[in-house]
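Notes for the one structure printed next.
The values are calculated or read from the model by the stated rules, or taken from the named source; none is laboratory data. Note that the coordinates shown come from a computational prediction; the quantities given were computed from them, not determined experimentally. We place every Cβ from the backbone using ideal geometry, glycine too, and count neighbours over all the protein chains shown. Remember, those area values only see protein heavy atoms, side chains included, never the ligands or the DNA or RNA. Shrake-Rupley method; radii C 1.70, N 1.55, O 1.52, S 1.80 Å.
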Amino acid sequence: AVVSTQSTGDQKMSGLNETNNESYKYLRSVGNMWQFNVEDLHPKMISRLYKRFDTFDLDCDGKMEMDEILYWPDRMRQLVNATDEQVEKMRAACYTFFLNKGVDPVNGLTRENWVESNRVFAEAERERE
């Protein structure tokens, strides 16, 4: 997601909302005002989510980018001898999934917003059911 930052002295405030996150946008469009609260998550879940982020952040710069995500379908070709068509289908699916998880195609998603982005995605999926 594109992260809006506003400076307040030395501290930067950033966060996700309906202007920079597809899942928040969806929730607001159906009248759901759910908002992420880190206190609602068990520390082990937070740790697990950060480990997953670190797996996808191939260059370890603290930002997950779409090209890092789209590396994995290409690995599928090597691991299971996937065809070009299978790889392209997987690339399209990964792109759509991670776009909705909050990975902006241009700006990526920062590690600091990863946990919130995962939780709001889960809430949007619950709402769609």
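You will find that of Arg48, Arg91, the residue that is open to solvent by 90 Å² or more (accessible area, probe 1.4 Å) and either under 19 Å from Val120 (Cβ atoms) or in contact with a Leu (Cβ under 6 Å, 6 or more places away or on another chain) (or both) is Arg48 and no other.
If you go through the range 94-110 and keep only what is out of contact with any strand residue (DSSP E or B) (no Cβ under 6 Å at 6 or more places or on another chain) and either open to solvent by 80 Å² or more (accessible area, probe 1.4 Å) or small (Gly, Ala, Ser) (or both), you end up with Tyr95, Phe97, Val106. For the range 67-129, the helices (runs of 4 or more DSSP H) that sit wholly inside it and include 1 or more residues that are touching a residue at least 40 places away in the same chain (Cβ under 8 Å) and over 15 Å from the mean Cα position of the chain (by Cα) are 111-128.
Going by what's in this entry, would Glu85 be described as among the acidic types (Asp, Glu), surrounded by fewer than 16 Cβ atoms within 10 Å (Cβ to Cβ) and either under 22 Å from Asn17 (Cα atoms) or out of contact with any helix residue (DSSP H, G or I) (no Cβ under 9 Å at 6 or more places or on another chain) (or both)? So Glu85 passes the test.
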